[in-house]
Amino acid sequence: MASGKADLHMHSVYSDGRLTPRELVDKSSKAGFQAMSITDHDTVGAIEEAIDYGQSKGIYVIPGLEISAEIDDMEIHILGYFIDYKSENLLEHLSSFRKSRLVRSGMIVDKLNEMGSKITIGNVMSQAGEETAIGRPHIAMALNEEGFVGSYNEAFYKYIGDGKPAYIRKPNTSAKDAIDLISASGGLSFVAHPGRFVSDDVFARLISYGLDGIEIVHPSHKKEGMANLQRTAELNFLLTSGGSDYHGGSRNDHKNFGSYYVTIDQINNMKRRLTY
Ligand code: AMP
Ligand code: MN
Ligand code: MN
Ligand code: MN
């Protein structure tokens, strides 16, 4: 259906989202989307359940994920779509990314303990399931539960936000390796929410690594920025994607859901680019 719409960027409880895969499918279906993708950080744990449940609800679920990567010492997120989410190679890599997230979370917990918090890595892990990509959101929840902070946001602005006293950078895979991993898994790679942070030079390198597309529609993008990104995509024969980046945590999130989407035509263009 050419007039259909799809939200291709959202997070479930398998990473730092609040809703289960089924709840996200229901929410997308109620919003009138014909297709959707759950793009959890460094995990594909939500996909199978979402696809199966989506089928029963008549909504097409594209297997997706969002890999944290780096280029020039800068963190950059790479979205993958139409990946073979059962690929052993992919699963092994993702499991190692999650392990390094856990190690880094332990280091953040140590710093917080020095600052007077009594939380343990166990408290942090109990905020999440087994296949969950643990991150600062789970630490923030543990700190809030402990009462060391009065709110989730306070944890970030006082302690674990970028550059704050208990912040430790996450060691990420290189952007080239992330793009390679996605193509080795049969998928298409998109640079997530590049906003103002990705220079022409970085774009050129990502393209030389085999980047397939750019996420144009995203709540952090202004109209003019989106027009510039669209031009970059057209000049370089890149695909375009978009979505709400819904996590289910903040009030803005709830407002955004339903308003950030791509057309089914864009998805068809992606499918044409897939090589089997
Ligand atoms: P991590 O991947 O462990 O570095 O955690 C990053 C996640 O933490 C982001 O995807 C956001 O969901 C959340 N986050 C980062 N900075 C803030 C902030 N200042 N306030 C609230 N949430 C944040
Ligand atoms: Mn997130
Ligand atoms: Mn992101
Ligand atoms: Mn995201």
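Being within 13 Å of ligand 1 (Cβ to nearest atom) and either touching a Leu at 6+ places or on another chain (Cβ under 7 Å) or open to solvent by 40 Å² or more (accessible area, probe 1.4 Å) (or both) is the requirement here; does Ala133 meet it?
no
Here are some conditions: (1) within 16 Å of ligand 4 (Cβ to nearest atom); (2) farther than 27 Å from Leu65 by Cβ; (3) polar (S, T, N, Q). Thr132 meets all but one. Which one does it not meet?
(2)
Are any residues in the range 112-164 basic (Lys, Arg) and over 18 Å from Ser95 (Cα atoms), and if so, which ones?
Lys118, Lys158, Lys164, listed by residue number.
What do you reckon, is Glu154 open to solvent by 50 Å² or more (accessible area, probe 1.4 Å) and more than 28 Å from Asp73 (Cβ to Cβ)?
Answer is no for this residue.
Out of the residues in the range 230-251 meeting the condition of being surrounded by 14 or more Cβ atoms within 10 Å (Cβ to Cβ) and more than 16 Å from ligand 3 (Cβ to nearest atom), tell me which one is nearest to Asp7 (Cα to Cα).
Across the range 230-251, the extreme among qualifying residues is Thr240.
Mind checking which residues of the range 6-18 are of a type in the set (A, V, I, L, M, F, W, C) and either more than 13 Å from ligand 2 (Cβ to nearest atom) or in contact with a Cys (Cβ under 6 Å, 6 or more places away or on another chain) (or both)?
Listed by number, the residues that qualify are Ala6, Leu8.
Please go through (1) more than 17 Å from the chain's Cα centre (by Cα); (2) open to solvent by 10 Å² or more (accessible area, probe 1.4 Å); (3) farther than 21 Å from Ser250 by Cβ for Lys30 and return the number of the only condition it doesn't satisfy.
All conditions pass for Lys30, except number (3).
Has the range 82-95 got any residue that is under 16 Å from the mean Cα position of the chain (by Cα) and within 16 Å of ligand 2 (Cβ to nearest atom)?
Within the range 82-95, one or more residues are under 16 Å from the mean Cα position of the chain (by Cα) and within 16 Å of ligand 2 (Cβ to nearest atom).
A quick yes/no check of all residues on (1) in contact with a His (Cβ under 6 Å, 6 or more places away or on another chain); (2) farther than 19 Å from Glu66 by Cα; (3) away from ligand 1 (no atom under 16 Å from the Cβ):
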position	(1), (2), (3)
Val198	no, no, yes
Leu211	no, no, yes
Ile216	no, no, yes
Pro219	no, no, no
Leu239	no, no, yes
Ser250	no, yes, no
Val262	no, no, yes
Ile267	no, no, yes
Arg272	no, yes, yes
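So which of Asp177, Asp245, Asp162 is out of contact with any His (no Cβ under 8 Å at 6 or more places or on another chain), touching a residue at least 12 places away in the same chain (Cβ under 8 Å) and among the acidic types (Asp, Glu)?
Only one candidate passes the filter, namely Asp177.
Taking the stated definitions as given, is Ile207 open to solvent by 40 Å² or more (accessible area, probe 1.4 Å), among the β-branched types (Val, Ile, Thr) and either touching a residue at least 24 places away in the same chain (Cβ under 8 Å) or not in a loop (DSSP other than H, G, I, E, B) (or both)?
yes
Answer with yes or no whether Leu65 is within 16 Å of ligand 3 (Cβ to nearest atom) and farther than 20 Å from Gly213 by Cα.
No.
With Ile207, Ile267, Ile168 as the choices, which residue is closer than 26 Å to Lys5 by Cα and either at pLDDT 95 or above or out of contact with any Phe, Trp or Tyr (no Cβ under 8 Å at 6 or more places or on another chain) (or both)?
Ile267 is the lone residue from the list that is closer than 26 Å to Lys5 by Cα and either at pLDDT 95 or above or out of contact with any Phe, Trp or Tyr (no Cβ under 8 Å at 6 or more places or on another chain) (or both).
Checking the condition more than 16 Å from the chain's Cα centre (by Cα), aromatic (Phe, Trp, Tyr), surrounded by fewer than 19 Cβ atoms within 10 Å (Cβ to Cβ) and over 15 Å from Ile139 (Cβ atoms), which residue from Tyr53, Tyr60 passes?
Tyr60 is the lone residue from the list that is more than 16 Å from the chain's Cα centre (by Cα), aromatic (Phe, Trp, Tyr), surrounded by fewer than 19 Cβ atoms within 10 Å (Cβ to Cβ) and over 15 Å from Ile139 (Cβ atoms).
When residues of the range 96-130 are filtered for being more than 26 Å from Ala46 (Cα to Cα), among the aliphatic types (A, V, I, L, M) and either surrounded by fewer than 17 Cβ atoms within 10 Å (Cβ to Cβ) or within 23 Å of the chain's Cα centre (by Cα) (or both), how many remain?
The number of residues fulfilling the criteria is 3.
The values are calculated or read from the model by the stated rules, or taken from the named source; none is laboratory data. Not measured: the values here are computed from a predicted model. Cβ sites come from the backbone with ideal geometry, for glycine too, and all protein chains shown count toward neighbours. We work out accessible area using only protein heavy atoms, side chains counted, and drop any ligands, DNA or RNA first. Shrake-Rupley method; radii C 1.70, N 1.55, O 1.52, S 1.80 Å.
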